[in-house]
1. When the accessible area of segment 153-193 is computed with all protein chains present and a 1.4 Å probe, what percentage of it is carbon and sulfur?
2. Fully extended, how many nm does the chain gain between A61 and R181 (0.36 nm per residue separation, minus their Cα-Cα distance)?
3. Let's see if you can work this out: charge +1 on each Lys and Arg Cβ, -1 on each Asp and Glu Cβ, no other charges. What is the dipole magnitude of segment 49-193 about its Cα centre, in debye to the nearest 20?
4. Just the accessible area for F68, please: 1.4 Å probe, Å², rounded to the nearest 10?
5. Once the Cα atoms of segment 91-147 are picked out, what are the Rg and Dmax in Å?
6. Using the Cα centre as the reference, give the magnitude of the dipole from point charges on the C-beta atoms of segment 51-120 (Lys, Arg: +1; Asp, Glu: -1; all else neutral), rounded to the nearest 20 debye.
7. Could you order peptides 39-49, 70-80 by the average number of other Cβ atoms within 10 Å of their residues, highest first?
Amino acid sequence: MRDAAPALLLALCLALLSGCVGDGAASAGGSGERSETLLTLTPEGAGGLTDATPFDAEAIAAALPEGFVLEPGQIEIDSASTLPVLYAFYDGQIVLEVYPDAAGRVGRIDAASATVAGPRGVRPGAGFDDARGQDMACEPGRDELSGRAVCRPAGGGPIRYVFAHGVATAPDQLPDREALRQSILERLVWTAP
């Protein structure tokens, strides 16, 4: 149970930071109020960010709409290695995390803000059913996504849906389907093809 606490805490913090409230229907394109859409995550990337964009603050800033502020950071992979990341903020809130690939280009984009719409208008903060998670193939998250369900739409593609389920499981197992149905879309993750 102790292993699930950090994942649950992270999911709650992300939900608060992204301004998500209610049952997720508004975030998923329901009839309620929606956050302003700053970017849309597509198979090509987010805004002007694509796999051709150099992982460089100037190039990334030029590919994003006006008003974004970038801050560099490091993610600890293990006790001996880190990964650079550029955090993209808008109006003081984090909208994207941008990671490099081995060639020094944009290799991964994480969107945990409800201001980013994914396929079919789904936004972080949506419930599993609202995001049509039941139609996806899910697997246990690994590394920094451990303790979450990482789901791929039936048609495949470079966008993954990361659901926070808050259930203690073995590292290579998902919770039962009913527990997944109670999970919340924590983030959308685009990985360069």
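The values are calculated or read from the model by the stated rules, or taken from the named source; none is laboratory data. Model, not experiment: these values are computed from the prediction. Please note: Cβ atoms are built from the backbone with ideal geometry, for glycine as well, and neighbour counts cover all protein chains shown. In case anyone asks, the SASA skips ligands and DNA or RNA and just uses the protein heavy atoms, side chains included. Shrake-Rupley method; radii C 1.70, N 1.55, O 1.52, S 1.80 Å.
1. So the carbon and sulfur contribution to the accessible surface is 53 percent.
2. My answer for the length gained is 39.5 nm.
3. Using Cβ point charges on Lys, Arg, Asp and Glu, segment 49-193 gives about 480 debye.
4. For F68, solvent-accessible area is about 30 Å².
5. 13.6, 37
6. Roughly 220 debye, rounded to the nearest 20.
7. Highest mean packing first, the order is 39-49, 70-80.
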